[in-house]
Amino acid sequence: MRIYNALPLKNKVVQLATQYNGLFHYDGKNVSRFSTQADKFFNANQIYCGISLNDSLYIYGTRLGGAMVVDRNGRISYMIDNRNGLPTNIALGLTLDREGNVWFSLDNGIIKFEMNNKVSLYDIRNGLEGTINSFCRYNNKLFVATNSGLYFLKPSSYPDKHATFEKVTAINRSCWTLLKVDNRMLISSNQGLF
């Protein structure tokens, strides 16, 4: 088992990150498996580096899948990859600056990721095509009208997927305006008014 990273935890425990076998805890005498919601992701994407963000969050960079933030209980907090900010999914090193931002060393340069801003970019990489004309929250879903049609945001299902946009197949032409009226959403498009 090849160890790629070690992070000190409380009570003199060290969290060990392996490239293909996930995370382990070492207490000075015993090594025990530390199961997380990201285990499949870690095993498939090869942990390469890691840092502590604070007392309860840890970020691990991988050779194939960007980075994953997990809490001290192994729950996924955030995923960072080429669909939401990284230019590449190859994270070779991580460091934290004094403002709490994470700097990534990548295979093609460095990038600063502002952890405290939590800005998400949605575009073609997340299934959203065309020029954005309007958007509206309706029935607990975010709908977006584009010149390619109507889309809705499908929530993330970490660790497998980021949030993605899916096209509403009934409307295949440009959509211009979304308007919530009473308990209905009106859609103006090249196909008419829905």
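Data for the structure
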{"read-out": "Count of residues meeting criterion [assigned to a helix (DSSP H, G or I) and at pLDDT 90 or above] in segment 1-11", "value": "0"}
{"read-out": "Complete set of residues in segment 147-184 that are touching a Lys or Arg at 6+ places or on another chain (Cβ under 9 Å), open to solvent by less than 30 Å² (accessible area, probe 1.4 Å) and part of a strand (DSSP E or B)", "value": "Gly149, Leu150, Tyr151, Phe165"}
{"read-out": "Answer from Ala44, Ala38 - the residue that is in contact (Cβ under 8 Å) with a residue 60 or more places away in the chain and on the phi < 0 side of the Ramachandran plot", "value": "Ala38"}
{"read-out": "Residue check, Glu99 closer than 27 Å to Lys154 by Cα, part of a loop (DSSP other than H, G, I, E, B), of a type in the set (Asp, Glu) and over 14 Å from the mean Cα position of the chain (by Cα)", "value": "no"}
{"read-out": "Residues within segment 54-74 that are outside any strand (DSSP E or B), open to solvent by 20 Å² or more (accessible area, probe 1.4 Å) and not polar (S, T, N, Q), tallied", "value": "4"}
{"read-out": "Yes/no for Asn126 being open to solvent by 80 Å² or more (accessible area, probe 1.4 Å) and over 22 Å from Asn190 (Cβ atoms)", "value": "no"}
{"read-out": "Tally of residues being open to solvent by less than 70 Å² (accessible area, probe 1.4 Å) and either acidic (Asp, Glu) or out of contact with any Lys or Arg (no Cβ under 9 Å at 6 or more places or on another chain) (or both) across segment 81-99", "value": "8"}
{"read-out": "Of all residues in segment 124-141 being over 14 Å from the mean Cα position of the chain (by Cα) and outside any strand (DSSP E or B), the one that is nearest to Thr164 (Cα to Cα)", "value": "Gly127"}
{"read-out": "Selection from segment 185-194 of residues that are surrounded by fewer than 18 Cβ atoms within 10 Å (Cβ to Cβ) and either hydrophobic (A, V, I, L, M, F, W, C) or in contact with a Pro (Cβ under 6 Å, 6 or more places away or on another chain) (or both)", "value": "Met185, Leu186, Leu193, Phe194"}
{"read-out": "Residue that is closer than 22 Å to Ser157 by Cα, assigned to a strand (DSSP E or B) and open to solvent by 20 Å² or more (accessible area, probe 1.4 Å), where the choices are Ser32, Ser77", "value": "Ser77"}
{"read-out": "Segment 16-29: number of residues that are open to solvent by less than 20 Å² (accessible area, probe 1.4 Å) and not in a strand (DSSP E or B)", "value": "1"}
{"read-out": "Matching entry among Val144, Val102 (being surrounded by 18 or more Cβ atoms within 10 Å (Cβ to Cβ) and closer than 30 Å to Gln46 by Cα)", "value": "Val102"}
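Matching residues to (1) touching a Gly at 6+ places or on another chain (Cβ under 9 Å); (2) closer than 19 Å to Leu9 by Cα:
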{"position": "Cys49", "(1), (2)": "yes, yes"}
{"position": "Asn54", "(1), (2)": "yes, yes"}
{"position": "Asn73", "(1), (2)": "no, yes"}
{"position": "Asp81", "(1), (2)": "yes, no"}
{"position": "Arg98", "(1), (2)": "no, no"}
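The values are calculated or read from the model by the stated rules, or taken from the named source; none is laboratory data. Remember, predicted model here, so these are calculated numbers, not experimental data. For neighbour counting, all protein chains shown are included, and Cβ atoms are generated from backbone atoms with ideal geometry for every residue, glycine included. Heads up: the accessible areas ignore ligands, DNA and RNA and are worked out on the full protein's heavy atoms, side chains in. Shrake-Rupley method; radii C 1.70, N 1.55, O 1.52, S 1.80 Å.
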